[in-house]
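These notes concern the structure reproduced below.
The values are calculated or read from the model by the stated rules, or taken from the named source; none is laboratory data. This structure is a prediction, so every number in the text was calculated from the model and none was measured. For neighbour counting, all protein chains shown are included, and Cβ atoms are generated from backbone atoms with ideal geometry for every residue, glycine included. What goes into the accessible areas is simple: the full protein's heavy atoms, side chains included, and nothing from ligands, DNA or RNA. Shrake-Rupley method; radii C 1.70, N 1.55, O 1.52, S 1.80 Å.
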Amino acid sequence: MIRQWIIEKDDIRIDHYAWDELHISHNALKKVKMNGKIYVNNIEQAVRYHLHNGDVLTFIYPDEINDMEPYEYPLKIIYEDDYLLVLDKPKGIACLPTKAHYNHSLANILTYYYQQINLHSTIHFVNRLDKDTSGLMIIAKYREIHDLMIRNFNHIYRIYQAHVEGCVDKGTITLPIYKNNNEMKRIIDERGVEAITHYQCISYNNDISIVRFRLETGRTHQIRVHMSAIGHPLVGDELYGHAGNFDLDSIMIAFIHPVTKQLVTLKKCSK
């Protein structure tokens with residue numbers, strides 16, 4: 001990856017500018033210093049070099065080593081640029097390998113895709129979806145872009161939709177979610193971490209509500225746990241309600257692009 005900036009400060013060291021103005025981590029800068037290249041006005045420089053107003057600073061990042069096994073599978077790419085991907089993840093695919101599916105995860109699929117486009121990078125999920133949740137996911141193509149995206153995760157706006165048991169109106173659930181030992185199921189418990197879910201019904205028929213959710217936090221199973229806790233589990237959610245096949249879907253995502261600083265808003269087609 002190559003990144004470039006026009007300097008608007010005067011008499012500031014490259015390393016200080018990178019840390020304070022560009023919010024590049026010490027570890028990331030060290031990797032550029034040791035294995036990449038740093039140029040000022042097309043002349044290679046050390047990190048102690050002093051920048052001046054109007055200088056052009058260029059970082060050439062070293063390749064990231066990805067040892068993950070590739071797996072060929074079609075990707076539904078909603079958005080792509082030099083720094084980010086947004087995918088529509090199908091239901092039934094885990095983000096990371098498991099013992100049961102050690103090479104059929106989304107990370108394996110992205111590894112194959114990266115090989116096809118000659119991108120030398122590891123897989124950096126900005127947000128993750130559970131195996132049985134579908135919809136929009138953001139993937140950073142490089143570690144530094146991932147770090148910039150999650151530095152303030154609250155700027156990522158996410159809307160989900162699902163069928164829920166019973167008649168639901170609207171409200172906010174603020175209940176801590178706790179993982180007990182190695183159990184898959186999460187519970188509401190004061191020992192847990194903060195979780196905030198906003199919900200609103202958009203239609204109701206035959207004792208089933210179609211509900212949209214906005215998350216302020218991103219805990220595992222958050223929507224499923226919260227809706228079960230208020231007596232309205234997702235239809236078909238065997239883990240938190242009744243047996244079946246639930247349909248939780250990430251239908252909209254918006255974020256401030258870490259490089260262009262522009263708002264990016266992406267939506268799925270209506271269900």
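Data table
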| item | result |
| --- | --- |
| Given charges at Cβ of Lys, Arg, Asp, Glu: the chain dipole, positive-most of Trp19, Ser134, Val164 | Val164 |
| Accessible area in square angstrom per residue, the range 1-110, 1.4 angstrom probe | 59 |
| Whole-angstrom gap from the range 210-224 to the range 39-65, using each part's C-alpha centre | 42 |
| Most fluctuating residue given options Thr172, Thr133, Thr122, as computed from a GNM of the chain linking Cα atoms under 10 Å | Thr172 |
| Candidates Lys141, Lys37, Lys131: whichever shows maximal mean-square fluctuation once the chain is modelled as a Gaussian network with Cα springs under 10 Å | Lys37 |
| Paired Rg and Dmax values of the range 89-151, which use every Cα atom, in angstrom | 11.9, 33 |
| The chain: translational diffusion in µm²/s, Stokes-Einstein, Kirkwood Rh over Cα pairs, 20 °C, 1.002 mPa s | 103 |
| Heavy atoms of Leu129 accessible to a 1.4 Å probe, total area in Å² rounded to 10 | 10 |
| Nearest 10 degrees, 0 to 90: helix 106-116 Cα axis against the chain principal axis | 40 |
| Test item: Cα-centred dipole of the chain, Lys/Arg +1 and Asp/Glu -1 on Cβ, debye | 160 |
| Binned Cα-Cα distances of the range 145-267, short to long, each 5 Å bin given as a whole percent | 2, 11, 19, 21, 18, 14, 9, 5, 1, 0 |
| 5 Å binning of all Cα-Cα separations within the range 32-138, expressed as whole percents from 0 upward | 2, 10, 18, 18, 13, 10, 9, 8, 7, 4, 1, 0 |
| Reachable lysines from Lys30, criterion Cα separation under 29 angstrom, eight or more residues apart if same chain | Lys9, Lys141, Lys261 |
| Nearby lysines by direct alpha-carbon distance to Lys179 (threshold 22 angstrom, same-chain neighbours under 8 apart not counted) | Lys99, Lys131 |
| Highest-fluctuation residue, Ile77, Ile223, Ile123 considered, GNM on the chain with Cα pairs under 10 Å | Ile77 |
| Rg to Rh quotient for the range 68-205, alpha carbon positions, Kirkwood Rh | 1.00 |
| Proximal lysines to Lys268, defined as alpha-carbon separation beneath 18 angstrom and excluding residues fewer than eight positions away on the same chain | Lys76, Lys89, Lys91 |
| Rounded percent of accessible protein surface that carbon and sulfur make up, the chain, 1.4 Å probe | 48 |
| Cβ-placed point charges (K, R +1; D, E -1), dipole of the range 116-172 about Cα centre in debye, nearest 20 | 220 |
| Computed helical MRE - 222 nm, the chain, DSSP H runs ≥ 4 contributing -39500 (n - 2.57), nearest 500 | -4500 deg cm²/dmol |
| Where only alpha carbons of the range 154-224 are counted, the Rg and the Dmax (Å) | 13.2, 39 |
| Positive dipole terminus of the range 56-135, leading residue within Phe125, Thr58, Ser105 (C-beta point charges) | Ser105 |
| Share antiparallel - DSSP beta bridges, the chain, percent rounded to 5 | 95 |
